[in-house]
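Read the structure below first, then the notes.
The values are calculated or read from the model by the stated rules, or taken from the named source; none is laboratory data. Fair warning: this is a prediction, and the values are worked out from it, not measured in the lab. We place every Cβ from the backbone using ideal geometry, glycine too, and count neighbours over all the protein chains shown. Accessible surface areas use protein heavy atoms only, side chains included; no ligands, DNA or RNA. Shrake-Rupley method; radii C 1.70, N 1.55, O 1.52, S 1.80 Å.
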Number of protein chains: 4
Amino acid sequence: MDLPAILARIVAEMRDAPDRGAVARYIPSLAGVDPARFGIAIVTADGDTFMGGDANIGFSIQSISKVFSLTLALGKVGDRLWERVGREPSGNSFNSIVQLEAEKGIPRNPFINAGAIVLADVNLAGHLPREAIGELLQFVRYLAADDSIAIDEAVARSEEQTGERNRALAHFMKSYGTVQHEPDPVLGTYFHACAIEMSCRQLAQAGRFLMLGGRHPEGGNVVSARRARRILSLMLTCGHYDASGDFAFRVGMPGKSGVGGGILAVVPGRASIAVWSPGLNPSGNSQLGGLALERLAEATGWSIFGH
Amino acid sequence: MDLPAILARIVAEMRDAPDRGAVARYIPSLAGVDPARFGIAIVTADGDTFMGGDANIGFSIQSISKVFSLTLALGKVGDRLWERVGREPSGNSFNSIVQLEAEKGIPRNPFINAGAIVLADVNLAGHLPREAIGELLQFVRYLAADDSIAIDEAVARSEEQTGERNRALAHFMKSYGTVQHEPDPVLGTYFHACAIEMSCRQLAQAGRFLMLGGRHPEGGNVVSARRARRILSLMLTCGHYDASGDFAFRVGMPGKSGVGGGILAVVPGRASIAVWSPGLNPSGNSQLGGLALERLAEATGWSIFGH
Amino acid sequence: MDLPAILARIVAEMRDAPDRGAVARYIPSLAGVDPARFGIAIVTADGDTFMGGDANIGFSIQSISKVFSLTLALGKVGDRLWERVGREPSGNSFNSIVQLEAEKGIPRNPFINAGAIVLADVNLAGHLPREAIGELLQFVRYLAADDSIAIDEAVARSEEQTGERNRALAHFMKSYGTVQHEPDPVLGTYFHACAIEMSCRQLAQAGRFLMLGGRHPEGGNVVSARRARRILSLMLTCGHYDASGDFAFRVGMPGKSGVGGGILAVVPGRASIAVWSPGLNPSGNSQLGGLALERLAEATGWSIFGH
Amino acid sequence: MDLPAILARIVAEMRDAPDRGAVARYIPSLAGVDPARFGIAIVTADGDTFMGGDANIGFSIQSISKVFSLTLALGKVGDRLWERVGREPSGNSFNSIVQLEAEKGIPRNPFINAGAIVLADVNLAGHLPREAIGELLQFVRYLAADDSIAIDEAVARSEEQTGERNRALAHFMKSYGTVQHEPDPVLGTYFHACAIEMSCRQLAQAGRFLMLGGRHPEGGNVVSARRARRILSLMLTCGHYDASGDFAFRVGMPGKSGVGGGILAVVPGRASIAVWSPGLNPSGNSQLGGLALERLAEATGWSIFGH
């Protein structure tokens, strides 16, 4: 398989793609990003790295951070997490409050906003907010083996200023006891996690442990093989909001998207892949990111559903 | 891997399982089935067959037939099918009508009842109902390479007599134009598909083409490799009603369950597996069937999310 | 109070009204009605009749028939009716099926389609469909003291041909046992009730018993005073689908509308009023009919909320 | 009509009523109230006052305050209020957030919690929270002609401490722009309004302007006759949460209930009535309060639907 050629072809195709989606506008820092950007990075199980386009430019990982928050939260409370968060696709948009009311304050899964707010609540236990944020950042740096990864404070502040809907979710779950700390510090932790900035290269590196059955490529286990599989299953069934089924259908890889335009996709035993293009489709997932992964899956046969 | 020993252990464990779920009672033919039954059959990619328990006893495949109806319907209308049926997990129970109203008569996916009624509508085109039923039965016999497979007419009649909810779904979709024929013959076709009777051995045989990238083990392609992958992705995200996420999380295999207590699970490139135990959990999926597949996945490493 | 002058002014204003709404198009017989039509008839408690515009032209009373079906059904089963139908405003559109699923097959009130199908089921008991239809027609003739009132068979047939949504509602309720007869004859009864044709004059006459505390103006009680009050309360809270609150707010009279463009409004102790103009507002209620009643209430002080 | 005798009979019947409902427990100050309490006060259009039971004991008026907040808000912004709040019955429980999401942040009516939070937002404009609270309290004192009416600060504090659900509603509406101020001061205003303490006698006095077509009995107009009618129509269609239809059906008077166990009911031109009994039925309305008003309506013929 000639990955460099495949990547070059995809980058060229994406450069000329007419329908690039719409850049998220809800916070100024995101709205200003150039819609022409496209980057891709692949780390294979052998440890080789392949890159194309704007693979070294940082972007706001937004909801992709939920994968790392989930891994951290499972490390803290294990399967007791599932008493407070479900693991079913939601059937609703990422910030819907309807499902929460019907299901007594238990978010459907950890990858919708309400679920990730519960993750922040779990990760906050015994910490000051800035300690919890620091711990998550350190964890991501360790996964990516890159200490230069940082939080974009301007994005975090913007999230706080426009986060009324997330505030509503947090208070709503507080009323049910699903959120246990005060909503304000929980949300502070949540907003900072969303504001982590990474490049495709860094993100693909951070996803390696999921490709490797939970092992850190530099030694030791991040999580057990079983937990790695389970995180991947959640990415497949819930990783693209209410278009998760469509992503599984078209791409066939566990993946998690963010409104910054990034997607982290993992093929167990094969590859950890990050793509980025800031324009979003109506479901809130990167338009070209999804298309690029579809092309990559076709060219490589990297689908968990056979090849 | 010593599959016979693994199967023997699972059969023994299931024999003694205290919580066997509750047998479906909505039609007399199903209610009378012995809850002590448990069967399992595995056909590997090499063509070997392994069986345990009541693997040769026929049962009503019910919603598992939706996999075969979907394959047939895709063969008839191709991707135009997706104009009339979605491919997202539903977030609701299998016979809910709420989602249908919110989404203008388009069922969320082909594996909820409303979706499978659309499949029946597609498969009825140009046929009398008994021809459409005959065609589906022939297709299943061909997949399983077993001409003894038949429809249990008593079950089909019972379905018709108690099918008011499905009748409501059909008329509702007719009002939106999603269903195009008269509801009565469409439902007749649908009820007969549910009433197909198969053993675990026959069902595992019928699932081989999905394990083999669309190829029939005796030669030729049933569907393209790409279509096989896509059918498997739908089984993973939508195959267990509103417990599909949980099944993916615990078992990690694409699977489709039926209220008769059967489950067809497929590991691409590895195995086609059928289990059967008539007691259901509250989500309507076989209680011991799911548990047995979880044990099998642990013992064999057969998960699409890594091993 | 100079009712003739008030009516003349209203008729003149309605003749020139620029926004007349849109005529219902779902069946051909309704779609062909002239949108320029406007009629009004008032029968006072003294027995005087005042008319304006097209008060003697027949139109399809559609959902207004639900008032008469309810009165008849209460006569047959009394308060046991409320075990099968609620008496709360629905918060949803007239033919929504969502509420039915959430509330286990019990329609919210007798004036949404699902509720009126239950009324038809009650009124069918012990009858052939044509007997039940005949009984309702006789009852309406008796109330209006006018034997010329008839059913428009073309409308009834059109309703049957386009009634898939109502068919869905009936089968859905049959699955819960709220509907007890076979859906087909129940729907036949329902569709014929909707197809009764009356003029404003006839309709205002038929509403007199509600103005008079249950008494028939020609002697005897149609219902008890208490039942008359209760029917009026249902008209006020549920008589205009999901715009009932707005009608109460603007007009302040118990009223029931139909998609044929008619409204029956009753001021207890004062007046029985019928208006008709075929153009509907987005909520499915007569645009000019509602406006005319608002004007009438302002001019006469006929509001049940004070004057 | 012998009102003293009627009241005496009702008080005796309520004293012995076996099913008294359950006292609200969500805040300590309410949970401690004696469930044996029952009071009733009637002020007639002539200015006579009749009382029975615990008519002079203060209780927390809770949601009844929404009537006064609405009157005040209409005085400030007039019909522009209806751009931010609907006037339809909700079909959901008093603190549901589902409807808000479906209808883009516009509460269905001013008498559900979300609607009353918008009223607080309107009444806060140009004020500090304590000024807005002071203005509402002064307004209620003026209506009741009783300067001893006060806010129970312990109740207000309890509301604040347990108000996560209302906080969620406020932030949710803030995200839509329906709430314009910061949620914290809006909620402070809202919680204090709920914590006003009044006796039945005071409450019946405060309701006189609605009985009198908007006139203050001591001279001048509180609101226009038309606005008084409209407030009464909202009380009838929306005043008892999702049991408003049932209250209209059984009692036939515009009324507004609160979880403190009070109900204010008004018969235009006849009577302003307050009842209080702290036990609630499952819909959150006073069990004996509703029953007492039903008995009163039967004995007096005071129904707006005829007598």
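Listed conditions (1) more than 10 Å from every other protein chain (Cβ to nearest Cβ); (2) without any contact (Cβ under 8 Å) to a residue 60 or more places away in the chain; (3) open to solvent by 10 Å² or more (accessible area, probe 1.4 Å) are all met by residue A:307, apart from (1). Please verify whether residue C:251 is closer than 24 Å to residue D:237 by Cβ, in contact with a Leu (Cβ under 6 Å, 6 or more places away or on another chain) and outside the structural domain of residue C:111 (by TED's automatic domain parsing), treating the condition exactly as stated. Considered against the rule, which asks whether it is closer than 24 Å to residue D:237 by Cβ, in contact with a Leu (Cβ under 6 Å, 6 or more places away or on another chain) and outside the structural domain of residue C:111 (by TED's automatic domain parsing), residue C:251 comes out as yes. Tell me, which residue of region C:88-124 that is within 19 Å of the chain's Cα centre (by Cα), of a type in the set (Gly, Ala, Ser) and within 20 Å of residue D:103 (Cα to Cα) is farthest from the other protein chains (Cβ to nearest Cβ)? Among those that are within 19 Å of the chain's Cα centre (by Cα), of a type in the set (Gly, Ala, Ser) and within 20 Å of residue D:103 (Cα to Cα), it is C:93.
This table checks each residue for (1) of a type in the set (A, V, I, L, M); (2) in contact with a helix residue (DSSP H, G or I) (Cβ under 9 Å, 6 or more places away or on another chain).
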position	(1), (2)
C:98	yes, yes
C:103	no, no
C:107	no, yes
C:113	no, yes
C:117	yes, yes
C:121	no, yes
C:125	yes, yes
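Applying the criterion of at least 1 residues that are under 22 Å from residue D:213 (Cβ atoms) to the helices (runs of 4 or more DSSP H) found wholly in region D:62-127 leaves D:65-77. If the condition is being at the interface with another protein chain (Cβ under 10 Å from one of its Cβ atoms) and charged (D, E, K, R), then region B:134-181 contributes B:164, B:165, B:167, B:174. For region C:40-49, the criterion of being outside the structural domain of residue C:11 (by TED's automatic domain parsing), crowded, with 22+ Cβ neighbours inside 10 Å and over 22 Å from residue C:287 (Cβ atoms) is satisfied by no residue at all. Pairs are defined by a Cβ separation below 9 Å, a sequence spacing of at least 6 or placement on different chains, a first member in region D:208-229 that is among the aromatic types (Phe, Trp, Tyr), and a second member that is open to solvent by 30 Å² or more (accessible area, probe 1.4 Å) and part of a loop (DSSP other than H, G, I, E, B); the pairs so defined are D:209/D:217; D:209/D:222.
Against the test of being more than 9 Å from chain B (Cβ to nearest Cβ) and in contact (Cβ under 8 Å) with a residue 60 or more places away in the chain, the options A:236, A:264, A:293 yield a single qualifying residue, A:264.
Applying the criterion of being in contact (Cβ under 8 Å) with a residue 24 or more places away in the chain and over 22 Å from residue B:239 (Cβ atoms) to the residues of region B:111-127, the residue that is least open to solvent (accessible area, probe 1.4 Å) is B:124.
Would you please list the contacts, defined by Cβ atoms under 8 Å and residues six or more apart or on different chains, that run from a residue in region A:74-90 that is farther than 20 Å from residue A:244 by Cα to a residue that is small (Gly, Ala, Ser) and open to solvent by less than 50 Å² (accessible area, probe 1.4 Å)? From region A:74-90, the pairs are A:81/A:73. Is it fair to say residue D:24 is open to solvent by less than 30 Å² (accessible area, probe 1.4 Å), under 23 Å from residue D:240 (Cβ atoms) and modelled with pLDDT of 95 or more? Answer is no for this residue. In the set A:80, A:84, only one residue is over 25 Å from residue A:292 (Cβ atoms) and crowded, with 18+ Cβ neighbours inside 10 Å; that residue is A:84. Can you confirm whether residue C:251 is farther than 20 Å from residue D:307 by Cβ and either facing chain D (nearest Cβ under 7 Å) or under 15 Å from the mean Cα position of the chain (by Cα) (or both)? Against the criterion (farther than 20 Å from residue D:307 by Cβ and either facing chain D (nearest Cβ under 7 Å) or under 15 Å from the mean Cα position of the chain (by Cα) (or both)), residue C:251 does not qualify. If the condition is being within 19 Å of the chain's Cα centre (by Cα), within 14 Å of another protein chain (Cβ to nearest Cβ) and closer than 22 Å to residue D:207 by Cα, then region D:72-87 contributes D:74, D:81, D:87.
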